[in-house]
Amino acid sequence: MRIAQEALTFDDVLLIPAHSTVLPNEVALGTQITRDIKLNIPLISAAMDTVTESRLAIALAQEGGIGILHKNMSIALQAKNVTAVKKYESGVISEPITVSPDTTIREVMALTENNRISG
């Protein structure tokens, strides 16, 4: 087996605390991951079913990162996760679900259950 190049793991590196002349507000963490996509923080979550679904993707997006949704779910559930991420706007409900005065309690209960509304 040939080794293409030397690689390091976390166990191979030791950072020694020291004084820095760089102030935290002078540091830029942004990174360009493609020609068209720039991240404000260099964080990309793993596309694993135990790691990334819509909640983590939203949290990372709020901080300037990106979450890669996993594929171990039905296409319908994948689409639902993508929609949840795209619709999320920092607490602003861009497409609220409304009911009329004639809507029955049973219909409202069904809406809340189908749309995962609580409270």
Failed item, numbered, when D11 is tested on (1) within 26 Å of N115 (Cα to Cα); (2) part of a helix (DSSP H, G or I): (1)
Those residues of the range 61-94 which are loosely packed, with under 14 Cβ neighbours inside 10 Å and assigned to a strand (DSSP E or B) amount to E89, V92
Determine whether I97 is surrounded by 16 or more Cβ atoms within 10 Å (Cβ to Cβ), closer than 24 Å to T112 by Cβ and in contact with a helix residue (DSSP H, G or I) (Cβ under 9 Å, 6 or more places away or on another chain). no
Just checking, how many residues over the range 16-42 are part of a helix (DSSP H, G or I) and under 23 Å from Q62 (Cβ atoms)? 2
Close pairs (9 angstrom Cβ cut-off, 6 or more residues apart or separate chains): under 22 Å from L29 (Cβ atoms) in the range 59-88, among the acidic types (D, E) anywhere: G67/E53
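All of the numbers you see were taken from the coordinates with simple rules; none came from a lab. Only a predicted model underlies this, so the values are computations on that prediction, with no experimental measurement involved. Every residue, glycine among them, receives a Cβ derived from its backbone with ideal geometry; neighbour counts consider all protein chains shown.
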